[in-house]
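Below is one structure, written out as structure tokens, with a few remarks after it.
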Amino acid sequence: MLTKRIIPCLDVKNGKVVKGINFKGLRDVGYPPEMAAAYELQGADEITFLDITASLETRQTMLDIVSETAGKLFVPLTVGGGIRSVDDMRDALNAGADKVSVNSAAVKNPDIISECAESFGRQCVVVAIDGKRVDDHWEVFTHGGTKSTGIDAVEWAKRAEDLGAGEILLTSMDTDGVKNGYDIPLTAAVADEVSIPVIASGGCGCKEHIYDVFAQTGASAALAASIFHYNECTVGEVKEYLRDRGIVVR
């Protein structure tokens, strides 16, 4: 049985880790390298670093801070934000990333997924999907959640896998930062349709929510921010809680 992963997320703006609600109202909570190192000591399986305004501002990821963050870690580091080409992905990997997340650029040019998978291996390619319920389905949004695409999120996840994605990082815009729990229907719908790992993101407010998403969906990993950033619980405490309830974690 594959073990479930716990992944603290660092949403980065202007070189600082920030947190908001429904992608809005961002406030500073710390410095990426320091926070990443602390989470590794707590038992994090991976760290995700998302430069959340890079696409909106049409610039590359802050590679100097990526490099500094990677230099403090032994666990895998996933980096996203502003990745628009194979060269951008190469730069992020050279800066110390183990995986690279693409979102807006992949929607605009899906071939970037296969090009990056062919160049670096699909295990390095994470396709991030920001989904929001619209009528009777979930729609993909890009550019930090500011632009609607009209694309069905479940269908896009399936296509991303076909093109070479190694993982899906699935964020529910409806639950992001609200801390009432992950979007179980969205996560289950995507995990049921793809064979690659799905990382659940958006809405975690307590360790019980992480148990719920593992117990009720096929998610392979749970990404969380607020509960760790505000010291509501540690990664180690989450893992102990999950083990006590039969969830296999590292």
Worksheet entry | So ALA157, is it crowded, with 21+ Cβ neighbours inside 10 Å, among the small types (Gly, Ala, Ser) and farther than 15 Å from ASP130 by Cβ | no
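For the subset of the range 47-60 comprising residues that are open to solvent by 10 Å² or more (accessible area, probe 1.4 Å) and of a type in the set (D, E, K, R), which member is modelled with the highest pLDDT?
GLU57
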Discussion item. Let me spell it out: the conditions are (1) surrounded by fewer than 19 Cβ atoms within 10 Å (Cβ to Cβ); (2) touching a helix residue (DSSP H, G or I) at 6+ places or on another chain (Cβ under 6 Å); (3) not hydroxyl-bearing (Ser, Thr, Tyr), and GLN123 meets all of them except one. Which number is the exception?
Written reply: (2)
Worksheet item: Name the pairs: first residue in the range 149-178 and among the charged types (D, E, K, R), second residue outside any loop (DSSP other than H, G, I, E, B), Cβ to Cβ under 6 Å, at least 6 apart or on different chains?
Response: ASP152/HIS137; LYS158/GLU193; GLU167/VAL126; ASP174/LYS132; ASP174/ARG133
Worksheet item: Do we have GLU208 as open to solvent by 50 Å² or more (accessible area, probe 1.4 Å) and at pLDDT 95 or above here?
Response: yes
Discussion item. Quick check on the range 66-89: of everything there that is of a type in the set (Val, Ile, Thr), open to solvent by less than 20 Å² (accessible area, probe 1.4 Å) and not in a strand (DSSP E or B), which residue is farthest from PHE141 (Cα to Cα)?
Written reply: THR69
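Residues are listed down the side, and each one gets a yes or a no for (1) of a type in the set (S, T, N, Q); (2) surrounded by 23 or more Cβ atoms within 10 Å (Cβ to Cβ); (3) outside any helix (DSSP H, G or I):
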position: GLY145; (1), (2), (3): no, no, yes
position: SER148; (1), (2), (3): yes, no, yes
position: ALA215; (1), (2), (3): no, no, no
position: VAL238; (1), (2), (3): no, yes, no
Response to the item:
Being in contact with a Pro (Cβ under 7 Å, 6 or more places away or on another chain) and buried (at least 18 other Cβ atoms within 10 Å of the Cβ) narrows ALA105, ALA44, ALA92 down to just ALA44
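The values are calculated or read from the model by the stated rules, or taken from the named source; none is laboratory data. Being a predicted model, the structure only gives us computed values, none of them experimental. Note that each Cβ is placed from the backbone with ideal geometry, even for glycine, and that neighbours are counted across all protein chains shown. When the accessible area is computed, the model is the full protein with side chains, heavy atoms only, and any ligands, DNA or RNA have been set aside. Shrake-Rupley method; radii C 1.70, N 1.55, O 1.52, S 1.80 Å.
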